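Please read the structure below before turning to the comments.
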Amino acid sequence: MFKAVIIGFAHMHVNEIAQYIDECPDFTLAGMADVPPETPENTQARYTRAWNIKNNSEKFGITPYEDYRVMLDEIKPDLAFILCDNANKPLIVEECAKRGVNVSIEKPMAVSLADTLKIKASVEKYGIEAVVNWPVIWRPYLHQQLAALESGVVGKLIKAFYINGHTGPLGKGAKHRGVSEKAQEMTDEERSSTWWYKNETGGGAFLDIGCYGCFFNQWARDNATDKPLSVMAFSGNYGTPYMNAPDNMAGIIEYKDSYGVVEGSWTVPQASLPTGPVYLCTDGVLFCDADKRVVAMNSYGEVIPLPDYEIHPAIKNLPDHYAYCKREGTPFIKTVTLDFNIQLMALIDAALRSAESGKKEEING
């Protein structure tokens, strides 16, 4: 049995992560603690930090610790799930690492490549294990789509395109897994007090959802042989004047024999956007329809039948995957590994730099 703790309630993904921990027979949720924000938030509406703490404390009957360091010292967990704001991740990982506690970091790994390398240094110095959780990893239809791409049924990849968006994580109509209700209405002042809307804490649409397009581009390629070369990106704030971070972004990623296009927005209804990535290939296209079914189409526009796809039992959620791999002695799926996420953060970092410089930026690392 693995003892798990949660550190940080800034991210609303904490609600589904806590549920997965509780439902996994190999895990017990032993404790929880927040990482207090430097600037207090003035709202306790649904999905905010205060609401997330109260929801999970009551749901699982656990009194939160005031200090996560005390919690780590007293509980001595096997794995800490880190769901603080993006900027605090290197510090939290270091505090866990020097106590010998393994970590699961909610995506993206950090706010920059420099912070990612700080995390790597802590992991290596203290010899702990670190994984990174991307919720899309656990979607069966996306694995089926990737398997179809790798089979060559529509030829060689030319372009991977992904657009992702909503009205903001605390925006109108926002809804997140692990909770049945939608976000409550908030004033601009209330939203602006949360970390999501502050550049200094790693908020904004770029790191929130623009990163998914980078993820899918790396996932669709053999990252050992087809690394991204450069990226040209753009970001701006067009509909959210009460925050100092971008609410929209777009980027083009250059590879040796292909390219990728990514877009992220906080100013659109989520239901208006396509589901999943689109892979344009030499002999056709792969996409997901509104019902999350994978569609393969040849160059004549004819649908190509795909075989039934059965997801591996280890692909369920992060707690179950961790427990399965430990129990069976098998490696983690590559998309949660440190190496994959360091390379991914190098791409995201270059996109961020490009948006700031207005120039094409090469990928470092």
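Structural remarks
- Failed condition for Asp67, given (1) out of contact with any helix residue (DSSP H, G or I) (no Cβ under 8 Å at 6 or more places or on another chain); (2) buried (at least 19 other Cβ atoms within 10 Å of the Cβ): (2)
- Only one of Ile119, Ile128, Ile92, Ile105 that is assigned to a loop (DSSP other than H, G, I, E, B), at pLDDT 95 or above and assigned by TED's automatic domain parsing to the domain that holds Phe9: Ile128
- Total residues in region 44-86 satisfying the condition of being under 28 Å from Ala205 (Cβ atoms) and out of contact with any strand residue (DSSP E or B) (no Cβ under 8 Å at 6 or more places or on another chain): the figure is 13.
- The set of residues from region 244-274 being within 18 Å of Leu170 (Cβ to Cβ) and in contact with a Lys or Arg (Cβ under 7 Å, 6 or more places away or on another chain) comprises Asn244, Ala245.
- Of residues in region 8-21 being of a type in the set (A, V, I, L, M) and in contact with a Leu (Cβ under 7 Å, 6 or more places away or on another chain), the one farthest from Thr201 (Cα to Cα): Ile21
- Condition met for Asn88 (crowded, with 21+ Cβ neighbours inside 10 Å and within 30 Å of Arg293 (Cα to Cα)): no
- Residue in region 320-338 that is acidic (Asp, Glu) and closer than 17 Å to Ile17 by Cβ present: yes
Yes/no matrix, rows are residues, columns are (1) over 29 Å from Leu79 (Cβ atoms); (2) at pLDDT 95 or above; (3) not assigned by TED's automatic domain parsing to the domain that holds Thr28:
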position	(1), (2), (3)
Phe215	no, yes, yes
Asp226	yes, no, yes
Leu229	yes, yes, yes
Ile252	yes, yes, yes
Val262	yes, yes, yes
Val295	yes, yes, yes
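- Within the set Gly203, Gly264, Gly276, the sole residue that is within 18 Å of the chain's Cα centre (by Cα) and either under 21 Å from Thr116 (Cα atoms) or part of a helix (DSSP H, G or I) (or both) turns out to be Gly203.
- Only residues that are crowded, with 19+ Cβ neighbours inside 10 Å, under 23 Å from Val14 (Cβ atoms) and of a type outside the set (Ser, Thr, Tyr) were counted in region 103-137, giving 18.
- Of all residues in region 39-82, those satisfying the criterion of being in a loop (DSSP other than H, G, I, E, B) and in contact with a Ser or Thr (Cβ under 8 Å, 6 or more places away or on another chain) are Thr39, Pro40, Glu41, Asn42, Thr43, Thr48, Thr63, Pro64.
- Yes/no for Lys359 being in a loop (DSSP other than H, G, I, E, B), within 27 Å of Asp115 (Cα to Cα) and at pLDDT 95 or above: yes
- Region 246-261, residues that are in a strand (DSSP E or B) and in contact with a Pro (Cβ under 9 Å, 6 or more places away or on another chain): Ile253, Glu254, Gly260
- Conditions (1) of a type in the set (Gly, Ala, Ser); (2) within 27 Å of Val179 (Cα to Cα); (3) in contact with a Phe, Trp or Tyr (Cβ under 8 Å, 6 or more places away or on another chain): number failed by Ala97: (2)
Rundown of residues vs (1) within 19 Å of the chain's Cα centre (by Cα); (2) under 20 Å from Tyr255 (Cβ atoms); (3) in contact (Cβ under 8 Å) with a residue 24 or more places away in the chain, yes/no style:
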position	(1), (2), (3)
Trp138	yes, no, yes
Gln144	no, no, yes
Lys159	no, yes, yes
Ala174	yes, no, yes
Val179	yes, no, yes
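- Members of region 306-361 found to be more than 29 Å from Ala296 (Cα to Cα), surrounded by fewer than 13 Cβ atoms within 10 Å (Cβ to Cβ) and either in contact (Cβ under 8 Å) with a residue 60 or more places away in the chain or not β-branched (Val, Ile, Thr) (or both), listed by number: Arg327, Glu328, Gly329, Pro331, Asp339, Glu356, Ser357, Gly358, Lys359
- Any pair with Cβ under 6 angstrom, 6 or more apart, that starts in region 191-210 at a residue that is surrounded by 22 or more Cβ atoms within 10 Å (Cβ to Cβ) and ends at one that is among the aromatic types (Phe, Trp, Tyr) and in a loop (DSSP other than H, G, I, E, B): Ala205/Trp266
- From Gly204, Gly171, Gly152, Gly236, residue being of a type in the set (Gly, Ala, Ser) and either at pLDDT below 95 or under 20 Å from Thr275 (Cβ atoms) (or both): Gly171
- Residue count for region 90-115 under the criterion of being among the charged types (D, E, K, R), touching a residue at least 40 places away in the same chain (Cβ under 8 Å) and within 21 Å of Met71 (Cα to Cα): the result is 1.
The values are calculated or read from the model by the stated rules, or taken from the named source; none is laboratory data. Just so you know, these numbers come straight off a predicted model, no measurement behind them. Here the Cβ is made from the backbone with ideal geometry for all residues, glycine too, and neighbour counts use every protein chain on show.
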